[in-house]
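Undergrad: Pasting in a structure now, in structure tokens, and then I'll have a few things to ask.
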Amino acid sequence: MPDDFHQHAAVWREAINQLCKVSKQVGLSCAVVQQGQVVFTHHFGFRNVKENLTADDNTLYNLASCTKLFTSTLVSTFIDGEKHTWDMPIKNHLPNFKTKWDPLVGERMTIADALSHRTGVSGLDALWLEADAHMPLQRSSAVAIANMLPVQAPFRTGYVYNNSLYGLAGSVTEVMAGGAPTHTWEALMRERLLGPLSLKRTFPTTAEATSDGNCSIPYMALPGDRVPAQISYPLYDQDNFGSPAVGMWSCLSDMIQWSKHLIQAYKATLPSSPVLGHIAKLFGPHTILNNKTHFEQYYGLGVFRQLTPAELGIHPTSLQSRILATKPGYNSSFYLFPEKETAIVVLGNAIALGDGPDWIAQYLTQAVFDLEPHADLASAADQCTVEYVRWFDRLRQGVIDNQEHGTPQPAASEVIGTYVLECVDYRVIVEEDSDGKLWASLNDVESQRFLLHHYHHDIFSYMPETYDEYLSRCLISWWEPKMLLLDFKRGPDNKVKAVAWAVDGITPIEFNKST
């Protein structure tokens, strides 16, 4: 770190403000912790734009994927080497866990596999994270959801990011705790982790966070000089399926304390706390991220792990653990350099034009360790913003490029109906309005209605008309062209019997037409 921190603080704040403006970050809180001391904090923008309310150290943000390290740590509090182990098959805890696409995965998958993204199965995020941050699935359906996750790669051969298996891990903790109705993931998080570590402003539910008077509002940034679009709070509440993956809420002051606990546990010769007794396992290398480089890049259990090639202080390499987190209206970065006893926390309340919090975390890493040569992060962030806006055009073009023109359109009467994914009672309802337009709705929820356009043959598209619609409806779980197509399937009698939807952008999932 530079010799005189105070001399550099004003320069850092100016650079951070510039990165926020370039990426159209709405509000942001950040800090640097070194050797147990908070050496830098900064707040930018607004936690509430309409009321011009700024953030402070206690302002709450949704942590999105920074939740995963909390869930992995909660799991670790049950690991005793006898009754519960990292390598015990999940089916031992959840006997109905029997994967449809590859039964071997269900037979062999362990909790460590699920937490390290090495199972090879995809997560089907668009089923549990719909438009407008609506979340219809409950954790009581976790096994049924996990059973139908399609295979993207052979088991334990590579990295396939999967939020849904963290939902399943939440159910595993409930079974490990004895399975009583009161032993929910949320209650266990409070009892076994947040309480012992005195993280008093960290919460596992949206209700707790938003009842507080100092909770940031979520936004989607819009291109140009327009006011960002305020969106609904993501409702991570009791028994929500996605909560163990992305549902935690916290503030800068608590995340600073969390980083101190993690670093202290990592540096301790003996476990510094029974809560963090498995820190080496959590931060250890489990899944290779990039086998094309000689630098170490792995995913641990809830955290990315890499060895930095740059010299940090007197050491030629240093372990860096980091989490990048994005979910509706929130974006955060959490960097740990445990060997340097340094942490960087960046919390934001917008899906901005580019990953502003990570640009800022990179900038602070460069500044704190005085890395040379200095990367021009401002220019890189500016270019990223341009590419981010073009991304929607590429998504739309991907839909257009594969379209066959001139094919006959099926009659509305053929496709109208209710299509059910029976294992979780998830419905796609196709209706015709008074103007003869076809609409698809998910689970008959008004906010989940999409206008259908004939694509070709028996396939319809629900591609948003504009980038503004895509952003304001928070369709961040739709990133592949195939995800925006509904393919109506016919039976031997030539009648429509199902609709296929590639929820993960790769493998079509069939919803059967109800009679």
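Undergrad: What lysines could a cross-link reach from Lys267, if we take a straight Cα to Cα line under 23 Å and drop same-chain neighbours fewer than 8 places away?
TA: Of all the lysines, those that pass the test against Lys267 - Cα under 23 Å, at least 8 places apart if same chain - are Lys68, Lys281, Lys340.
Undergrad: Is there a quick way to get the dipole size of segment 349-486? I mean about its Cα centre, with the Cβ of Lys and Arg at +1 and of Asp and Glu at -1; what is the value in debye to the nearest 20? Provide the component values of the computation, followed by the final result.
TA: Values: 8 positive and 24 negative charges, 24 e Å.
That gives segment 349-486 a dipole magnitude of about 120 debye.
Undergrad: Then there is this: Rounded, prolate or oblate for segment 130-194? Axes are the square roots of the Cα gyration tensor eigenvalues, ordered a ≥ b ≥ c, and the cut-off for rounded is a/c under 1.5. Mind dumping the intermediate values first?
TA: Numbers: a/c = 2.01, a/b = 1.50, b/c = 1.34.
Prolate.
Undergrad: Return the distance in nm (one decimal) between the two label points of a simple spin-label model at Asp80 and His374, each offset 7 Å from Cα along Cα→Cβ.
TA: Calculated label separation equals 5.5 nm.
Undergrad: Let me ask something additional. With N denoting the number of residues in the chain, provide Rg(C-alpha) divided by 2.2 N^0.38 Å, to two decimal places. Before the final figure, lay out each step's value.
TA: Values: Rg = 23.3 Å, N = 515, 2.2 N^0.38 = 23.6 Å.
Expressed relative to 2.2 N^0.38 Å, the Cα Rg reads 0.99.
Undergrad: Considering only protein heavy atoms and a probe of 1.4 Å, how much of the accessible area of the chain is carbon and sulfur, as a whole percent?
TA: Details: 10440 of 20780 Å².
Carbon-and-sulfur percentage of accessible area, whole number: 50.
Undergrad: With labels modelled as points extended 7 Å from the Cα through the Cβ direction, what inter-label distance (nm, one decimal) is found for Asp433 paired with Ser413?
TA: The modelled label-to-label distance comes out at 2.3 nm.
Undergrad: On a C-alpha basis, how far is the centre of segment 186-256 from the centre of segment 65-144 in Å? Whole number, if you could?
TA: So the two Cα centres are separated by 21 Å.
Undergrad: A further question on this structure: What nm distance separates the two modelled labels at Asn17 and Gln383, each placed 7 Å from Cα along Cα→Cβ?
TA: Output for this residue pair reads 2.7 nm.
Undergrad: If R0 is 45 Å, what FRET efficiency do you get for Asp468 and Met88 from their C-beta distance, rounded to 0.05? Before the final figure, lay out each step's value.
TA: Details: r = 49 Å, r/R0 = 1.08.
So, using R0 = 45 Å, E works out to roughly 0.40.
Undergrad: Using only alpha carbons, build the gyration tensor for segment 84-160 and give me the equivalent ellipsoid semi-axes, biggest first, whole Å.
TA: For segment 84-160, the semi-axes come out at 21, 15, 12 Å.
Undergrad: Any chance you could run the full-extension gain for Asn402 through Ile506? It's 0.36 nm times the residue separation minus the Cα-Cα distance, nm to one decimal. Write out the running numbers ahead of the final one.
TA: Working: separation 104, 0.36 × 104 = 37.44 nm, distance 1.46 nm.
Stretched fully, the Asn402-Ile506 segment lengthens by 36.0 nm.
Undergrad: Kindly provide the helix-only [θ] at 222 nm of the chain, computed as the sum of -39,500 (n - 2.57) over DSSP H runs of four or more divided by all residues, to the nearest 500 deg cm²/dmol? Provide the component values of the computation, followed by the final result.
TA: Numbers: 16 runs with 146 residues, N = 515.
So the helix-based figure for the chain works out to -8000 deg cm²/dmol.
Undergrad: Now for a separate question. Below 8 Å between Cα atoms, with a sequence gap of 6+, how large is the relative contact order for segment 388-515 in percent? Before the final figure, lay out each step's value.
TA: Numbers: 205 pairs, mean separation 29.1, N = 128.
23 percent.
Undergrad: Going Cα to Cα from Lys91, which lysines come in below 18 Å? Please leave out same-chain ones fewer than 8 positions away.
TA: Straight-line reach from Lys91, under 18 Å: Lys83, Lys100.
Undergrad: Same structure again: Report Rg(Cα)/(2.2 N^0.38 Å) for segment 1-134, keeping two decimals. Before the final figure, lay out each step's value.
TA: Values: Rg = 21.8 Å, N = 134, 2.2 N^0.38 = 14.1 Å.
Relative to the 2.2 N^0.38 Å estimate, segment 1-134 comes out at 1.54.
Undergrad: Next question. Taking a cut-off of 23 Å between Cα atoms, list the lysines near Lys24, but don't count ones fewer than 8 places away on the same chain.
TA: Leaving aside lysines fewer than 8 places away in the same chain, those within reach of Lys24 are Lys50, Lys327.
Undergrad: Rolling a 1.4 Å sphere over the protein heavy atoms, what is the accessible area per residue of the chain, to the nearest Å²? Working shown, then result.
TA: Values: 20780 Å² over 515 residues.
That works out to 40 Å² per residue.
Undergrad: OK, next. Full-extension gain between Thr54 and Trp479, please, as 0.36 nm times their residue separation minus the C-alpha to C-alpha distance. Intermediate results must be reported in sequence, preceding the final value.
TA: Working: separation 425, 0.36 × 425 = 153.00 nm, distance 3.21 nm.
Working it through step by step, the gained length comes to 149.8 nm.
Undergrad: Could you tell me the calculated FRET efficiency between Lys100 and Val445, based on Cβ-Cβ distance and R0 = 30 angstrom, to the nearest 0.05?
TA: Values: r = 26 Å, r/R0 = 0.87.
About 0.70, to the nearest 0.05.
Undergrad: Expressed as an acute angle from 0 to 90° and rounded to the nearest 10, what is the orientation of the C-alpha long axis of helix 356-368 relative to the principal long axis of the chain?
TA: Taking Cα atoms only, the helix is inclined about 20 degrees.
Undergrad: At R0 = 60 Å, how high is the FRET efficiency between Glu107 and Arg390 if r is their beta carbon distance? Nearest 0.05 is fine.
TA: 0.85
Undergrad: Could you tell me how many cubic angstrom of Cα convex hull volume segment 205-256 has per residue? Write out the running numbers ahead of the final one.
TA: Numbers: hull volume 6.3 nm³, N = 52.
Convex hull of Cα atoms, per residue: 122 Å³.
The values are calculated or read from the model by the stated rules, or taken from the named source; none is laboratory data. Because the structure is a prediction, the values reported are computed rather than measured. Using ideal geometry, Cβ is built from the backbone for each residue, glycine included, and neighbour counts are taken over all protein chains shown. Side chains are part of the model used for accessible areas, which takes the heavy atoms of the whole protein and leaves out ligands, DNA and RNA. Shrake-Rupley method; radii C 1.70, N 1.55, O 1.52, S 1.80 Å.
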